[in-house]
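The values are calculated or read from the model by the stated rules, or taken from the named source; none is laboratory data. Note that the coordinates shown come from a computational prediction; the quantities given were computed from them, not determined experimentally. No Cβ is skipped: glycine too gets one built from the backbone with ideal geometry, and neighbour counts run over all protein chains shown.
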Amino acid sequence: MNQLDRYDYAILGALQLDGTLSIADLAGKVGLSSTPCWKRLKRLEEEGYIDKRVAIVNRRKAGLGVTVFVSVRTSQHDEKWLAHFAAAVQALPEVLEFHRMSGDIDYLLKVVTTDIEGYDRFYKKLIKAAQLTGVSSAFSMEQIKFTTELPLHLVSHGLPT
């Protein structure tokens, strides 16, 4: 992969705010003409800097108003168990994020669902998926900040053009 410059970071930043920008609009925002901007965008996609472009759906309006952070502990730490557990969790559509953790918790899941009963249905599927030592659930009372925008300014200051 190539080293990114300030134009590349500007393209990534602009697309994080609006993934529907036309090439002409994107080029205007980052200070390039359309063809060089398009070539950079294609390179960023090909090199994996852009995973995909999506619409962010309002989960509450879509009927998924409950967010739960699920901490999972296990006494199993071999690769075969992890592969089985990871495949089972990835198949659960309620899981938005799935992290292997350091510390007292082995795995952390971010789950969205319809209501408490919906979470109970999810919980029953989760505990059937693999041998677990403990599952702890923390319900989000209020989402205070939500963003999908990475802080690219932390890595892009002072880069050459």
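So if I check each of Leu12, Leu41, Leu109, which one is modelled with pLDDT of 95 or more, more than 18 Å from Ser156 (Cα to Cα) and among the hydrophobic types (A, V, I, L, M, F, W, C)? Of Leu12, Leu41, Leu109, the one residue that is modelled with pLDDT of 95 or more, more than 18 Å from Ser156 (Cα to Cα) and among the hydrophobic types (A, V, I, L, M, F, W, C) is Leu109.
Of the numbered criteria (1) within 30 Å of Arg6 (Cα to Cα); (2) without any contact (Cβ under 8 Å) to a residue 40 or more places away in the chain; (3) small (Gly, Ala, Ser), the one Gly48 fails is (2). In segment 140-157 there is at least one residue that is in contact with a Phe, Trp or Tyr (Cβ under 8 Å, 6 or more places away or on another chain), within 17 Å of Leu4 (Cβ to Cβ), touching a residue at least 12 places away in the same chain (Cβ under 8 Å) and in a loop (DSSP other than H, G, I, E, B).
For (1) under 30 Å from Thr114 (Cα atoms); (2) surrounded by 14 or more Cβ atoms within 10 Å (Cβ to Cβ); (3) not β-branched (Val, Ile, Thr), each residue gets a yes or a no:
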position	(1), (2), (3)
Gln3	no, no, yes
Gln16	yes, yes, yes
Thr20	yes, no, no
Ala24	no, no, yes
Val30	no, yes, no
Arg43	no, yes, yes
Glu46	no, no, yes
Arg59	yes, yes, yes
Phe69	yes, yes, yes
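Here Ala55 clears all of (1) more than 30 Å from Ser136 (Cβ to Cβ); (2) of a type outside the set (D, E, K, R); (3) at pLDDT below 95; (4) out of contact with any Ser or Thr (no Cβ under 9 Å at 6 or more places or on another chain) except the condition numbered (4).
On the basis of being modelled with pLDDT of 95 or more and not aliphatic (A, V, I, L, M), does Ser140 make the cut?
Yes: the conditions hold for Ser140.
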